[in-house]
Amino acid sequence: MAGTGGAVRSRFAVVGGGIAGVTCAEQLAAEFPSEDILLVTASPVIKAVTNFKQVSKTLEEFDVEEQPSSLLEKRYPNIRVIQSGVKQLKSDEHKIYTEDGKEYIYEKLCLCAGAKPKLIVEGNPYVLGIRDTDSAQAFQKNLAQAERIVVVGNGGIALELVYEIQGCEVIWAIKDKAIGNTFFDAGAAEFLLPKLSAESRETPIECKRTKYTLEGSEEKGRPTGASDKLGSALGPDWHEGLHLKGTKEFSHKVHIEILCEVKKIYLQQEFIQLQRTSLTFPKGEKNVEADEVLWPVYVELTNGKIYGCNFIVSATGVVPNVEPFLDGNNFAVGEDGGLEVDRHMHTSLPDVYAAGDICTAAWEPSPVWHQMRLWTQARQMGWYAAKCMAADAAGQSIDMDFSFELFAHITKFFNYKVVVLGKYNAQGLGSDHELLLRCTKGQEYVKVVLQNGRMMGAVLIGETDLEETFENLILNQMDLSAYGEDLLNPDIDIEDYFD
């Protein structure tokens, strides 16, 4: 790696220490053992994939571990971690400038800078965005003193959060009709809801993810909720090891306000001057009692209700972290704010690739795949981007990776195993589809999405053992019309049909 006039040259550079960036750097390091691979990351810890298990053709399970970057450099002696944020990219000069005043010249660059939480309002001390392990800790500190919180958002993190919190009133505001809309339909929500009100809790299974904290980082006394430094995204069991308990002694109090969003947030003083009424925690269906308690912050919902609380958790999704790279570069940007990439993870600029949450898949996707900002996709994209960079460097062509054939994700909600496949919520199928359902209360929930007799998607909650069979049926698009309702008949062993 030669330096000319202060600039360090490197054949391959990767920006971002999350799953996409680390996976990309590792793969490049393995493909080019004699080249130095630069990994530029703002955070002193990186996210590494551990306990990787290929569950089926497209389903994978893994844990994510925060590790000091020195461990990565030990595993791959040709990876060089630069701990600094990127200040500017000059793509026409193939140069990156870092916050610490250094410059790096690359031949090929992959941007994996992830995404940041989409806060309902910026700069309010009572609004906490939750996305990464740092913000989860700030959250826990605040929860210890909390008697009531308002949770806004309806994705996986909001869902888990509301399930895990005990001893604190939770008002949960969602813009959809049913909970967990990103992963489920109303039926699955109904299946899961009893768990929200269940009094006794199974003890959670020990979580295998270990966490490194940086020595001395706790003492600096960060202001609560200040998550200006970008951490990496949370995974499916981020709440393990956090004691999510508020001050009240009872266990579970969740009230869901559906079909609404936050209209306005008032601090205590503003609210007193307004002379409007806020509500107590609803006890019955028709309860609209005025609240006598004074709260630090008040939330007015679009349905006209106002609730006071200790703080508000904004779990409303993410915005791709493209800021440092746009200035002076003519990137094509997707509707969701991500850098558009083609089927070889190439952005619209020469020699610049992108992977993970920062990018927007702009190729014509397979009919049963769609992009979702999840750890599994970050890993797949990072790996595949490295393969594409290697192929381009060698002047070879490469086929689209098989993981983009079928959307497949495995996770846990409320202690149930959850598998989602293909267009599991009939995304983009219009009204031209039918659903088959099978549900055993407290045990399993199986939903299949069919179009013209062919399986397009499925949701499996519980230990159903159907994921491989369904994966095959979606991939081979076999005509299932002949089976009708029998497809989900528990007395018929469906695997025997299709093996």
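Which ones in segment 1-51 are among the basic types (Lys, Arg) and over 14 Å from Gln67 (Cα atoms)?
Let us first name the residues in segment 1-51 that are among the basic types (Lys, Arg), namely 9, 11, 47.
Within segment 1-51, Arg9, Arg11 meet the criteria.
Restricting to segment 343-369, what's the tally of residues that are farther than 13 Å from Gly114 by Cα and assigned to a loop (DSSP other than H, G, I, E, B)?
We begin by selecting, within segment 343-369, every residue farther than 13 Å from Gly114 by Cα; these are 343-353, 361-369.
Now narrow it down to the ones that are assigned to a loop (DSSP other than H, G, I, E, B): 343-345, 347-351, 362-369.
Matching residues across segment 343-369 total 16.
Of all residues in segment 296-305, none satisfies being touching a residue at least 60 places away in the same chain (Cβ under 8 Å), among the charged types (D, E, K, R) and open to solvent by 30 Å² or more (accessible area, probe 1.4 Å).
Out of (1) at pLDDT below 95; (2) part of a strand (DSSP E or B); (3) open to solvent by 20 Å² or more (accessible area, probe 1.4 Å), what's the single condition that is false for Lys108? (1) is the only condition that Lys108 fails. Within segment 360-379, residues that are under 23 Å from Met455 (Cβ atoms) reach partners that are in a loop (DSSP other than H, G, I, E, B) and among the hydrophobic types (A, V, I, L, M, F, W, C) with beta carbons closer than 8 Å, at six or more positions or on different chains, in the pairs Ser366/Leu406; Val368/Leu406; Val368/Phe407; Trp369/Leu406; Trp369/Phe407; His370/Phe407; Met372/Phe407.
For segment 77-112, a residue qualifies if it is under 18 Å from Ala354 (Cα atoms) and small (Gly, Ala, Ser), and the qualifying residues are Gly85, Ser91. Looking across segment 323-346, the residues that are in contact (Cβ under 8 Å) with a residue 40 or more places away in the chain and open to solvent by 10 Å² or more (accessible area, probe 1.4 Å) come down to Pro324, Asp327, Gly328, Asn329, Arg343, His344, His346. Taken together, the residues in segment 361-418 that are among the hydrophobic types (A, V, I, L, M, F, W, C), within 19 Å of Lys57 (Cβ to Cβ) and touching a Gly at 6+ places or on another chain (Cβ under 9 Å) amount to 9. Reported count of residues in segment 153-163, each being β-branched (Val, Ile, Thr) and open to solvent by 10 Å² or more (accessible area, probe 1.4 Å), is 1.
The values are calculated or read from the model by the stated rules, or taken from the named source; none is laboratory data. Computed from a predicted model, the values in this text were never measured in an experiment. Glycine also receives a Cβ, built like all others from the backbone with ideal geometry; neighbour counts cover every protein chain displayed. To get the accessible areas, we keep the full protein, side chains included, count just its heavy atoms, and leave off ligands, DNA and RNA. Shrake-Rupley method; radii C 1.70, N 1.55, O 1.52, S 1.80 Å.
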